[in-house]
Each structure stands twice: as C-alpha cells, then as structure tokens.
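I have placed the structure first, in the form of structure tokens, so that the comments after it can refer back to it.
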There are 2 protein chains.
Amino acid sequence: MTASTSAANGKVEGFLKDLADQLRAGDTYGKLDKFSDEAMLAPFVLTKEQRRQISVACDIDAVIEARVRSFYQAVAAAVEKATRVETTTVLDLNHEGFGRVVIFAGRLVVLSDVLRDAQRFGFNSLEDLAARGEAFVTAAAKYVDQYREAARDDS
Amino acid sequence: MTASTSAANGKVEGFLKDLADQLRAGDTYGKLDKFSDEAMLAPFVLTKEQRRQISVACDIDAVIEARVRSFYQAVAAAVEKATRVETTTVLDLNHEGFGRVVIFAGRLVVLSDVLRDAQRFGFNSLEDLAARGEAFVTAAAKYVDQYREAARDDS
C-alpha cells in the first residue's frame, strides 16, 4: 500500500481516500464539494515548525478535535473494509488536548491510542499520514484475526 | 450483594463504597472530607419528576459529566478488584449529552454503554444505583473470565 496522490487532479488512494471519504461523509451541506481530496487533506499536514508554533496552553479547538476524530474514524472504516467486522470509535479528549481513543469490534479493542497535545495533531506529509493510518489498519486487522471470537461477540 | 447504608453514620458498602472512594480519590483539596459517604452520593439520586425537570436542550454541565465519569470509573475499579486485571475507562460524551462509554482490560471491552440525555443522569434510589453498578461489575467479570487471553493482552 502506498500513499500516492495524482498531482493532475488532486485525487488520492488507499488510506488517504478512506480519510477523504470520511470527511465528505460528514459534510452534510456539501461545503467541501469544490475541494479536491488533496486540498481537503491539507490541514492534516503540519511541519515541525508549524506544530511548535501552536500553543498547547489553549483549549483544543472543535475543528481540531473533529480532525482527530476523522482520522481515527477513517482507520475504523478501513478496518471494517479489511475485516468485515463492524467497528466503533470512542474519543475521550479533554479541553487540554489530552486523552485516549479506542476503536473496538464486538468485544475486541483493535486500536487504543493515547493523545497528548492534540492541538498539534498533524503529520509531516501526506505520505506520513497514509503510512500511519495504514499501519493502524494492518495492526487492527491482525488483532481481529487473532481474537476472532471476541471481535464477533455482539453481546 | 446488597446496597446497604447504615443510617447511623452515613457509611455505605459494596458498590456504593467503591463509588464513594472514587469521589474522594478525585477530591484533591479535601472539600468532601466533611461529608458522609451517603451525603456525597446524594446527587446520584434523582426522582422521575426531578429528571423530567432537567432540560436536555442545554449543554451538559461539567459537574454532571464528572458524575457520569465517576460512576463508570467506580465500575472499572470494582472490576479490577474482582478480576485483578487493569482497566481503562473511555468516555466520549458530546455537549448534547449523547455518547458512549467503554471500559476495557487488555484488548477486551468489558463494558460498552450508550449514553442519552446524560444531563438527566441519575438513579431512583441508592439501592438502584448500587444494583446497576454491581450488575455492570458482575457482567464485566464474566467477560474477563470468558476471554482470559484478550483481557490480559497488553500489546
């Protein structure tokens, strides 16, 4: 799996496509229709310097919290596609940008991640974003395989 | 297991004791020291009429969100005592009082509960509060027993 983007039309593939789909799915009023996938994903990329300039002394912005949620929901959606089990994403983030995210299927936790300084949530490049998302999906699919019964327990 | 309270000194037992301990553990400045366990638990009890009078059109209050969190953290603590596995509580509650709470041990979800109108979070009586908490703990312990390997997987 590679994070290829086609410069010609701003379309993306793989995990980036899943994330773009996730953003469009939450776009009730079609405000994002005029943007290419690549343009829509631009806010997910922050240089080290940009990250450093974001204060973590401030409460986390609702827009950034939504961005964090979209990322993990895209992972959850990709896990569903890869494993055919239903997933749920739970994000517990306090106003200081600290918290935890869990994705589970049935009774199985397929991803658990601690978040710190979520105000600075971002990736060095689209390639890094894709690689991180795909690594999460691969690890989650492995757990679904390892704990088949728990992942399919809907009790 | 019964939810007995001793009227003489306001002390409580069983799950109510776990919940009281949870509240005192979060009381950094000892503001609750002067209250008996029973007095501290009083805000968890709401009559049907009291619940009806609480508007769910308003954003959920931080105090009520903390109360909801305490309840599930007390369940998590009681599960730890009963099963000797470590647990984590994740509460994803939006400002409209809708959300989900998950308690997990290792890779196992031992409790998953949907929250609606959390502004009205409360129980008919201390007995009901204790019964609900204890039912959650019993169910969770059963899952830890059923999925021993997943519950102890710290990967």
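A short reminder: the numbers here are calculations on the coordinates, not readings from a lab. Being a predicted model, the structure only gives us computed values, none of them experimental. Please note: Cβ atoms are built from the backbone with ideal geometry, for glycine as well, and neighbour counts cover all protein chains shown.
So which of A:LEU129, A:LEU115, A:LEU93, A:LEU111 is within 14 Å of chain B (Cβ to nearest Cβ) and under 16 Å from A:ASP18 (Cβ atoms)? Write out each step before concluding.
Details: A:LEU129 fails: within 14 Å of chain B (Cβ to nearest Cβ); A:LEU115 fails: under 16 Å from A:ASP18 (Cβ atoms); A:LEU93 fails: under 16 Å from A:ASP18 (Cβ atoms).
Just a single option satisfies the conditions, and that option is A:LEU111.
Consider the range B:91-122. How many of its residues are of a type in the set (Phe, Trp, Tyr) and surrounded by fewer than 19 Cβ atoms within 10 Å (Cβ to Cβ)?
Of all residues in the range B:91-122, those of a type in the set (Phe, Trp, Tyr) come to B:98, B:104, B:121.
In the following step, the residues that additionally are surrounded by fewer than 19 Cβ atoms within 10 Å (Cβ to Cβ) were identified as B:98.
Count: 1.
Among the residues of the range A:133-142, is there at least one that is part of a helix (DSSP H, G or I), within 13 Å of another protein chain (Cβ to nearest Cβ) and in contact (Cβ under 8 Å) with a residue 40 or more places away in the chain?
Filtering the range A:133-142 down to residues part of a helix (DSSP H, G or I) leaves A:133-142.
Still in the list and also within 13 Å of another protein chain (Cβ to nearest Cβ): A:139-140, A:142.
Cutting the leftovers down to in contact (Cβ under 8 Å) with a residue 40 or more places away in the chain gives us A:140.
The answer is yes, given that some residue of the range A:133-142 is part of a helix (DSSP H, G or I), within 13 Å of another protein chain (Cβ to nearest Cβ) and in contact (Cβ under 8 Å) with a residue 40 or more places away in the chain.
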Taking into account only those residues within the range B:143-155 that are facing another protein chain (nearest Cβ under 9 Å) and not in a helix (DSSP H, G or I), which is farthest from A:SER155 (Cα to Cα)? B:SER155
Hey, any hits in the range B:24-35 for a residue that's crowded, with 18+ Cβ neighbours inside 10 Å and out of contact with any Pro (no Cβ under 6 Å at 6 or more places or on another chain)? no
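Taking the range B:80-90, which residues are away from chain A (no Cβ under 14 Å) and aliphatic (A, V, I, L, M)?
Our first condition is that a residue be away from chain A (no Cβ under 14 Å); within the range B:80-90, this holds for B:80-84.
B:ALA82, the sole residue that qualifies.
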Given (1) buried (at least 19 other Cβ atoms within 10 Å of the Cβ); (2) farther than 18 Å from A:ASP92 by Cα, index of the condition B:ARG132 fails: (1)
Pairs needed: first member in the range A:45-63, touching a residue at least 60 places away in the same chain (Cβ under 8 Å); second member anywhere, of a type in the set (Lys, Arg) and loosely packed, with under 10 Cβ neighbours inside 10 Å; C-beta distance under 9 Å; at least 6 residues apart or different chains. none
Being basic (Lys, Arg) and touching a helix residue (DSSP H, G or I) at 6+ places or on another chain (Cβ under 6 Å) narrows it down to one residue among A:ARG51, A:ARG67; which is it? A:ARG51
Take the residues in the range B:76-90 that are surrounded by 23 or more Cβ atoms within 10 Å (Cβ to Cβ) and in contact (Cβ under 8 Å) with a residue 60 or more places away in the chain, then tell me which one is farthest from B:ASP18 (Cα to Cα). B:VAL79
